[in-house]
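Data first, discussion second: the structure below is written as C-alpha cells.
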Amino acid sequence: MSKFGDYLLRPEVYLPIGTIIGLYLIRCYVQGRQFNKKTDETGKVVIVTGCNTGIGKETVLELAHRGATVYMACRDMNKCEEARKEIIEATDNHNIFSLQLDLSSMESIRNFVTRFKSKETKLHILINNAGVMDIPRLVTKDGFEMQIGVNHMGHFLLTLLLIDVLKASAPSRIVVVSSLAHRFGTIKVNDLNSEKSYSRKFAYAQSKLANVLFTRELAKRLRGSGVTVNALHPGVVDTELFRSMRFFGWKIIKFISRPVYWIFFKTAKSGAQTTLYAALDPKLENVSGQYFSDCKSTSIGSNAKDDNVAKFLWEESEKWTGMTNHIV
C-alpha cells in the first residue's frame, strides 16, 4: 500500500472525516421532507402574517416564485418593505404587497381587513404564521396576555373578519402555524388571561394548543363551505423567534450553540415546507381540521381533542374580540 493509503487509514485522519460526514448527514435528515410539487399559483391571492423574516419570509418567497399575489401582513413596515423588495428582486413577481398588521391590536386588525378588502375581492389562502414566544408577561393594547393575544386571539379575529372573502373565493384554505408545544399546553378555563399565575413557557404552550383547538372547531363550522382549515408544526427551526428565548438570548450561548443550530435545527426554508404543503398540495383541497408535521398528517395531543374545551375557547374568543354576533 502506498504511503498515501497508509496515511488515510490513520485514525486521526478518517475519524474526523467520518464525523464531519456523519454530522452533515444528520443535518440533511433533520431538514425533513420538502414540498417539491410543481404548482402554478398565478391569479391566487394570499395573505401571510409575520413574514419579514424566517419561515414567513421563505413562505412568501416560494409563493412569489409560483406566481401568487401575496400580501405581506407585518407589524414592522420598514423590515417588511426590505423583505418585499428582496422577494420581488429574487422572483421578478411584482404582485407582492405589504400592509401593516399588528396582531396585538384589534383596531389594527380591523384596519388591515378594511384596507385589504378595498384592494381585493378574493382571498384564496390565509396563512396565520405570525407569533411571539417565551416572553415576560406583557399585555396587548386590548388587555390580553401577549402570547394568547397575538398567537390566538389576533388570528381568531383576523380569520373571522376574512371568512366572507374566503367563502367567496372557494375553494380556499386557511393555514394555522401551531407547534409541537401544543402537546404540553392546557387551556386554563379559570385563568385564560394568565392573571392569577404566569409561566412564559406554559403560556406559549397554551397559545399553541389554542391554535389547534381553533382549527378543529373552525373546520366543523366551515364544513360544506369550500373553505378548509388545517394546523401544522413547522419543526424546530433556527429563526429569530426561537433565538428570542431568554436562555438563547445570551451572547455566549449564541456563540457556542451555532454549530448545534446548524446540525440539529431546520433552516427557515425547510421550516416553511409544511406550510407550503398545507397551502398548496392539490391532494389537500378537501382536507380540513387536520394537523401536519414534516409534510404529512400526524396525531395531536390529547388536550387538543377535547371538544368541550374547544367550544369554551371559541365562545371566550368571541367575547374577547367582540365577534359574538358573527356567524361562521
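The values are calculated or read from the model by the stated rules, or taken from the named source; none is laboratory data. Remember, predicted model here, so these are calculated numbers, not experimental data. Methodologically, a virtual Cβ is constructed for each residue, glycine included, from the backbone with ideal geometry; neighbour enumeration extends over all protein chains shown.
Taking region 314-324, which residues are outside any loop (DSSP other than H, G, I, E, B) and out of contact with any His (no Cβ under 8 Å at 6 or more places or on another chain)?
Trp314, Glu315, Glu316, Lys319, Trp320, Thr321
Output the number of residues of region 41-95 satisfying the condition of being farther than 21 Å from Val176 by Cα and among the aliphatic types (A, V, I, L, M).
The total comes to 5.
Read through the list (1) modelled with pLDDT of 95 or more; (2) surrounded by fewer than 22 Cβ atoms within 10 Å (Cβ to Cβ); (3) not hydroxyl-bearing (Ser, Thr, Tyr), then give the number of the only condition that Val45 fails.
(2)
Condition first: under 30 Å from Arg33 (Cβ atoms) and of a type in the set (Gly, Ala, Ser). Now tell me which residues in region 272-328 satisfy that. Show your work before the answer.
From region 272-328, those under 30 Å from Arg33 (Cβ atoms) are 272-306, 310; that's our starting set.
Listed by number, the residues that qualify are Ala272, Ala278, Ala279, Ser288, Gly289, Ser293, Ser297, Ser299, Gly301, Ser302, Ala304, Ala310.
Can you name every residue in region 284-313 that is outside any helix (DSSP H, G or I), closer than 13 Å to Ala210 by Cα and among the acidic types (Asp, Glu)?
Asp306
Does any residue in region 258-283 that is surrounded by 20 or more Cβ atoms within 10 Å (Cβ to Cβ) and part of a strand (DSSP E or B) come within less than 6 Å, Cβ to Cβ, of a residue that is modelled with pLDDT under 60 and not polar (S, T, N, Q) six or more places away or on a different chain, and which pairs are these?
Lys266/Val237
Is it fair to say Phe202 is modelled with pLDDT of 95 or more, assigned to a helix (DSSP H, G or I) and within 30 Å of Thr69 (Cβ to Cβ)? Spell out how you get there, then give the answer.
Values: modelled with pLDDT of 95 or more: yes; assigned to a helix (DSSP H, G or I): yes; within 30 Å of Thr69 (Cβ to Cβ): no.
The answer is no for Phe202.
Just to be sure before I move on: is Ser179 among the hydroxyl-bearing types (Ser, Thr, Tyr) and free of Cβ contacts under 8 Å to residues at least 40 places away in the same chain in the structure I sent? Please lay out each step first, then the result.
On the way: among the hydroxyl-bearing types (Ser, Thr, Tyr): yes; free of Cβ contacts under 8 Å to residues at least 40 places away in the same chain: no.
No: the conditions fail for Ser179.
For Thr186, state whether it is polar (S, T, N, Q), part of a loop (DSSP other than H, G, I, E, B) and touching a residue at least 40 places away in the same chain (Cβ under 8 Å). Before the answer, list the steps.
Working: polar (S, T, N, Q): yes; part of a loop (DSSP other than H, G, I, E, B): yes; touching a residue at least 40 places away in the same chain (Cβ under 8 Å): yes.
Considered against the rule, which asks whether it is polar (S, T, N, Q), part of a loop (DSSP other than H, G, I, E, B) and touching a residue at least 40 places away in the same chain (Cβ under 8 Å), Thr186 comes out as yes.
Could you list, in sequence order, all residues of region 205-234 that are assigned to a helix (DSSP H, G or I), under 11 Å from Ser179 (Cβ atoms) and not hydrophobic (A, V, I, L, M, F, W, C)?
If the condition is that a residue be assigned to a helix (DSSP H, G or I), under 11 Å from Ser179 (Cβ atoms) and not hydrophobic (A, V, I, L, M, F, W, C), then Ser207, Lys208, Asn211 are the ones that fit.
Would you check which residues across region 163-180 are modelled with pLDDT of 95 or more and in contact with a helix residue (DSSP H, G or I) (Cβ under 8 Å, 6 or more places away or on another chain) and list them?
Just the residues of region 163-180 that are modelled with pLDDT of 95 or more, to begin with: 163-178.
Hits for region 163-180 are Val165, Ser172, Arg173, Ile174, Val175, Val176, Val177, Ser178.
Within region 188-219, which residues are under 20 Å from the mean Cα position of the chain (by Cα) and of a type in the set (A, V, I, L, M, F, W, C)? Quick ask: steps written out before the conclusion?
Narrowing region 188-219 to residues under 20 Å from the mean Cα position of the chain (by Cα): 200-219.
Result: Phe202, Ala203, Ala205, Leu209, Ala210, Val212, Leu213, Phe214, Leu218, Ala219.
Pairs, please: C-beta under 7 Å, at least 6 apart or cross-chain, first residue within 17 Å of Ala278 (Cα to Cα) and in region 218-234, second among the basic types (Lys, Arg) and in a strand (DSSP E or B)?
Thr228/Arg173
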